[in-house]
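So the structure is just underneath, and the comments pick up after that.
The values are calculated or read from the model by the stated rules, or taken from the named source; none is laboratory data. Note that the structure is a prediction, hence the values are computed from the model and not measured. Please note: Cβ atoms are built from the backbone with ideal geometry, for glycine as well, and neighbour counts cover all protein chains shown.
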Amino acid sequence: MTSASQNPTLAAVTERVTERSRRSRQAYLDMIRRAAENRPARRDLGCANFAHAFAACSAHDKDKLVGAEAPNLGIVTAYNDMLSAHQPYERFPEIIRRTAHAAGATAQVAGGVPAMCDGVTQGRAGMEMSLFSRDVIALSTAVALSHESFDAAVYLGVCDKIVPGLVIGAARFGHLPAVFLPAGPMTSGLPNDEKAKTRQRYAVGEATRAELLASEMKSYHGPGTCTFYGTANSNQMLMEIMGLHLPGSSFVNPNTPLRDALTEAGVKRALAITALGNEYIPAGEILAEKNFINAVAGLHATGGSTNHALHLIAMARAAGILLTLEDFAELSGVVPLLARVYPNGLADVNHFHAAGGMQYVIRELLGGGLLHDEVRTIAGDGMSRYTQEPKLGADGEIQWVETSGESLHKDILRPVSAPFQPTGGLQLLKGNLGTSVIKVSAVKPDRHVIEAPARVFHSQEALAAAFKAGELERDVICVVRFQGPKANGMPELHSLTPPLSVLQDKGFRVALVTDGRMSGASGKVPAAIHLTPEAVEGGPIARIRDGDLIRLDADAGTLEVFAEGFDSREAATADLSAHEFGVGRELFAPFRAAVGPADQGASLFSF
């Protein structure tokens, strides 16, 4: 298909990011070009090194590897069988090896990376290691690929921090082609809105724990990604719209013939784009300025996860690209919301996929001049290929066909010409409290502006206790501070959603202000999150007192406190020693000391 003339704001933001990143991006490209010389690197391995690398391979594979002319794929896997989204990956290495062998190539599991579940650790101490797990995953990816035995890598990961960590690792090995192989969402279970209602009933004592557990288990019931549109499914959207997935592969259910065929097709594509062939596509050339701008546009158009206001910035920096929250904000002003998927609507990701899915979103954005077509992808050049849908042919091979271009459900997907809202799902807030972000795609317009007295807490447990005691039955802006990356690893505070939702449903005007994270599932309560500077660094949030008037204005993009003498107040402090030990948190002390601010990706790395 042909794209419309490019939106001037998209063009201006892209030009600004490119110019801002000129020096760092050039240094990055020089690095990967040096690494790409004399491929494959295993030719340079000493005899003992070589023997160690391939000692466990079959005689057939050893013959291929000695010749160094057939590609060897490295598999970097986040498989574990505790995470429903990652359990399907148990079968993938064998599928990958079998497909590689049929193509005259070889494949090895290069290494595993950790994969923790935020759903398990919500409200628990382990959540304080969640964000840091992203950078651990990047480090683990580097260790896996440090053996220099591979001509391309395939990455197996789905959930919250796993994909961003894998992308950061893949970027630092950007001379190698990279193909991300999704596992797909679980089939639809209990509707997400029904699950949310049970959580709210439990929060006010109207549902028993047994009822709550039954509801949760009907919702999270099988292998695959959770079906709401949180960070995990936002990851899959990003990998497709950035060109690191094959077209149409993100939301096909696990353990189906089409899913397996897409995995095989991804392996074949990885083999085709190594430096040994005629279509070399290194990952670093896909992780480019325009691809990241496309990612931000996709995030806005689909109402994606607030966590990507952190992750995309960190991922881009790993490829020498200086993306900022101001870039997010400017693009949000022109990219409309095209999708309603829970928590932004009643549909889940299976309904989204059936209604037209990524092919529809990409087609609409291209047609509206809101997406760069002229980019490199694993499928070749151009995002236009990603308007095609994969179909399973009679021979078991994938055929990509053009879709009708129509939404099959206007309550789930709408065109650029008649969107759900004219601006994106993520907004930037600035003011005398610093810089934060808010997800507005699920917030009703009459809740975009909240002005109310502050009630200050130093933990989510303290807020929950105040709620249970009936102390929040009024218009209130709850301030939960000392939740930033340096304080305690910036845990998600998603467990606050039910009580705040209950207060809002009672008619009170409520909001949340925090230097922590909320969630990819941020819902209907206005939440100014990722507030920077954080409290532990003496940020303005540390000077708020109970009763201070705060105004959160998502329409104007402002977050202000109105209190006499506010700037001259002494910043509050907090005893954070309880967050320094237990469930391994003591091992992460160097991470808390070294981590950067949220508006720069909350990363350990300075590229």
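Before moving on, here are some points about what is shown:
- Cβ-Cβ contacts under 8 Å between residues 6 or more apart (or on different chains), taken from a first residue in the range 429-453 that is more than 19 Å from L338 (Cβ to Cβ) to a second residue that is outside any strand (DSSP E or B) and among the polar types (S, T, N, Q), are listed as V437/T306; I438/T306; R447/Q504.
- Of all residues making up the range 99-123, the number that are touching a residue at least 60 places away in the same chain (Cβ under 8 Å) and over 21 Å from S219 (Cα atoms): 5
- Number of positions in the range 73-101 that are out of contact with any His (no Cβ under 9 Å at 6 or more places or on another chain), among the aliphatic types (A, V, I, L, M) and modelled with pLDDT of 95 or more: 6
Okay, residues lined up against (1) assigned by TED's automatic domain parsing to the domain that holds V449; (2) under 18 Å from L131 (Cα atoms); (3) in a helix (DSSP H, G or I); (4) polar (S, T, N, Q):
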| position | (1), (2), (3), (4) |
| --- | --- |
| K524 | yes, no, no, no |
| H530 | yes, yes, no, no |
| V536 | yes, yes, yes, no |
| I541 | yes, no, yes, no |
| D546 | yes, no, no, no |
| R551 | yes, no, no, no |
| E560 | yes, no, no, no |
| F588 | yes, yes, yes, no |
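- Of all residues making up the range 381-434, the number that are β-branched (V, I, T), touching a His at 6+ places or on another chain (Cβ under 8 Å) and closer than 15 Å to H353 by Cα: 1
- Condition check for G393: within 22 Å of A265 (Cα to Cα), free of Cβ contacts under 8 Å to residues at least 12 places away in the same chain and not assigned by TED's automatic domain parsing to the domain that holds G523: yes
- Every residue from the range 390-436 that is among the aliphatic types (A, V, I, L, M), outside any loop (DSSP other than H, G, I, E, B) and loosely packed, with under 13 Cβ neighbours inside 10 Å: V401
- When V154, V179, V163 are screened for being of a type in the set (V, I, T), in contact with a Phe, Trp or Tyr (Cβ under 9 Å, 6 or more places away or on another chain), in the same structural domain as E285 (by TED's automatic domain parsing) and closer than 22 Å to N344 by Cβ, only V163 passes.
- Meets criteria (among the small types (G, A, S) and touching a residue at least 40 places away in the same chain (Cβ under 8 Å)) for S384: yes
- Single unsatisfied condition, N49 versus (1) free of Cβ contacts under 8 Å to residues at least 12 places away in the same chain; (2) more than 33 Å from the chain's Cα centre (by Cα); (3) not in a helix (DSSP H, G or I): (3)
- Given (1) of a type outside the set (F, W, Y); (2) modelled with pLDDT under 95; (3) more than 30 Å from K268 (Cβ to Cβ), index of the condition L413 fails: (2)
- Qualifying residues in the range 270-314 (those that are of a type in the set (D, E, K, R) and in a helix (DSSP H, G or I)) - the one farthest from V440 (Cα to Cα): E285
- When G582, G547, G565 are checked against the criterion of being among the small types (G, A, S), surrounded by fewer than 15 Cβ atoms within 10 Å (Cβ to Cβ) and without any contact (Cβ under 8 Å) to a residue 40 or more places away in the chain, G565 stands alone in meeting it.
- From the list R43, R25, the lone residue that is in a helix (DSSP H, G or I) and in contact (Cβ under 8 Å) with a residue 40 or more places away in the chain is R25.
- So T558, is it modelled with pLDDT of 95 or more and within 22 Å of D599 (Cβ to Cβ): yes
- Test result for E570, acidic (D, E), in contact with a helix residue (DSSP H, G or I) (Cβ under 8 Å, 6 or more places away or on another chain) and surrounded by fewer than 14 Cβ atoms within 10 Å (Cβ to Cβ): yes
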